[in-house]
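Peer 1: A single structure is presented below for examination.
Laboratory data are not the source of any read-out in this text; all were calculated from the coordinates shown. Just so it is clear, the model here is predicted, and its values are computed rather than measured. Please note: Cβ atoms are built from the backbone with ideal geometry, for glycine as well, and neighbour counts cover all protein chains shown.
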Amino acid sequence: MAKAKLFPVTTVGSWTRPEWLIHALRRRQAGEISVEEFNRIADDAVLAAIKYQEDAGVDIVSDGETRRDNFYSFVVEKLSGMRLMKLSELLDYIKDRAGFEEILRGLDVPAFAIKSPIAVARVREREEGIAVDEARFLKAHTTRQTKMPIPGPYLLTRSSWFEGLSDQTYPTREDLAKDVVRILRREVIALKEMGVDFIQLDEPSISQVVYGDEAEQTFMCAALGSRSDPTTELEFAVRLVNEVVDGIDGVRFGVHVCRGNWSRKEDVLLKGNYGPLLPWLMRMNVAQLVLEMATPRAGEIEVFKEYRNEKEIGLGVANPRTDTIENPQQIVGRVKQMLKYFDPEKIFLNPDCGFGTFAERCVSTPEIAYRKLQAISEAAEILRREYA
Ligand SMILES: [Zn+2]
């Protein structure tokens, strides 16, 4: 078997979606076209996303989450008992609506663009899980290694449980979490059996637990519902992730955390180094932490000192929210700083977060996203020559 390449290049998930795809997505959501018709249209967009990645030198490719409305809301199509609700609709269930709207405006949150899957009845799989169909198409159209991002159990539980809508079926979040864990466990086993190489559990809302303003109600990932103190939330997140992956070998698991990707206005997004999160992230039984590090908002890298080589790092080296293409030499410099805390075998290279995020409001264009991936691949080549 060939020796594994150092500094594998991969993406975090979403690719930008073309106008015609968003149009088709809306028609499907309005019931004007069937899922099959939509998928035929979306196939072309997925093929383009794969080709962009392959051409840019990406080693572990994804399907760009191209068929999804966003990285977690798409589960409404795959699970029964969920209803897709706009953030603006959910506002009706919030006590201090006016105050909350004010917060959303201040944070530049597109309340009409953000939708959340809300548990309104017992949540069950419809046919074959959440991402198995996506993975099958991806595997059929690339010979490279594959990555499937799926919503993590904490994200899904937290965004789906909503007082006034979910509590008749699930009196508490804990009750919903049991079904979420069961569904995700089946999912990751199915993806592994299909030969997916890398499963990324997206858990961006744990950032909000740590970096969000405690006094403010939050919206991140439409996690409008209650949140208790940070320690309780983080313990809950660790437990759920570990329940999902428990005893499953033969596939690489990663957990992705970012500071939000809903706006290009850096000053409204969450900031702070990973220090407060690392004690919990290190206890998650996954091989890799997929982290934003290109944005200065992710803070100092010295926080990894105490955790040298404990995990692999999926190092964010390009910012999807800017138009400037990162310079490969600068990326190399950044990786070299990280080599103080991680061996070369432990470092994967990726952009900070998805290039698409929300279908209605992509943070990048395909041309820019492509050039950013190319810059990462060039940096990886330089590093491989030096550290082979
Ligand atoms: Zn992200």
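Peer 1: On C-alpha positions alone, give me the angle between the axis of helix 328-338 and the longest principal axis of the chain, in degrees, nearest 10.
Peer 2: That helix lies at roughly 80 degrees to the long axis.
Peer 1: Listing 311, 147, 265 from the residue with the fewest other Cβ atoms within 10 Å to the one with the most, what is the order?
Peer 2: Values: 311 19, 147 29, 265 10.
Ordered from fewest to most neighbouring Cβ atoms within 10 Å, 311, 147, 265 come out as 265, 311, 147.
Peer 1: For the chain, what does -39500 (n - 2.57) per DSSP helix run (n ≥ 4), summed and divided by total residues, give at 222 nm, in deg cm²/dmol to the nearest 500?
Peer 2: Values: 13 runs with 148 residues, N = 388.
When only DSSP H runs of four or more count, the value is -11500 deg cm²/dmol.
Peer 1: With everything on Cα atoms, drop me the angle between helix 173-193 and the longest principal axis of the chain, reported from 0 to 90° to the nearest 10.
Peer 2: 40
Peer 1: Treat every Asp and Glu Cβ in the range 19-387 as -1 and every Lys and Arg Cβ as +1, leave all other atoms uncharged, and give the resulting dipole magnitude about the Cα centre to the nearest 20 debye. Spell out each step's value before the answer.
Peer 2: Numbers: 50 positive and 61 negative charges, 44 e Å.
So the magnitude is around 220 debye.
Peer 1: Additional query: Specify the angular offset, from 0 to 90 degrees and rounded to the nearest 10, of the alpha carbon long axis of helix 366-387 from the longest principal axis of the alpha carbons in the chain.
Peer 2: Value to nearest ten degrees: 40.
Peer 1: Let me know the shape class of the chain, please: from the alpha-carbon gyration tensor, a ≥ b ≥ c as square roots of the eigenvalues, rounded when a/c is under 1.5, otherwise prolate if a/b is greater than b/c, or oblate. Intermediate results must be reported in sequence, preceding the final value.
Peer 2: Values: a/c = 1.43, a/b = 1.25, b/c = 1.14.
It is rounded, given that a/c, with a ≥ b ≥ c, falls under 1.5.
Peer 1: With springs only between Cα atoms under 10 Å, which of 149, 366, 171 fluctuates most in a Gaussian network model of the chain?
Peer 2: Highest fluctuation among the options: 171.
Peer 1: When DSSP beta bridges are limited to those with both residues in the chain, what percentage is antiparallel, rounded to the nearest 5?
Peer 2: 25
Peer 1: Taking the Cβ-Cβ separation of residue 80 and residue 136 as r and a Förster radius of 22 Å, what is the calculated FRET efficiency to the nearest 0.05?
Peer 2: Numbers: r = 21 Å, r/R0 = 0.96.
With R0 = 22 Å, the Cβ-Cβ based efficiency is 0.55.
Peer 1: In which sequence would 256, 141 go, from the one with the fewest C-beta neighbours within 10 Å to the one with the most? Intermediate values should be presented prior to the final figure.
Peer 2: Working: 256 26, 141 16.
Neighbour counts put them in this order, fewest first: 141, 256.
Peer 1: When the Kirkwood radius is taken over all Cα pairs of the range 1-127, what Stokes-Einstein diffusion coefficient follows at 20 °C and 1.002 mPa s, in µm²/s?
Peer 2: Details: Rh = 17.1 Å.
Roughly 125 µm²/s, to the nearest whole number.
Peer 1: Follow-up. Most exposed first by the Cβ proxy, i.e. fewest other Cβ within 10 Å, how do 58, 181 rank?
Peer 2: Values: 58 26, 181 20.
Sorted ascending by nearby Cβ count, the order is 181, 58.
Peer 1: To continue, here is another question. Going by a ≥ b ≥ c, the root eigenvalues of the Cα gyration tensor, does the range 255-336 fall in the rounded group (a/c under 1.5), the prolate group (a/b larger than b/c) or the oblate group?
Peer 2: Details: a/c = 1.97, a/b = 1.35, b/c = 1.45.
The shape class here is oblate.
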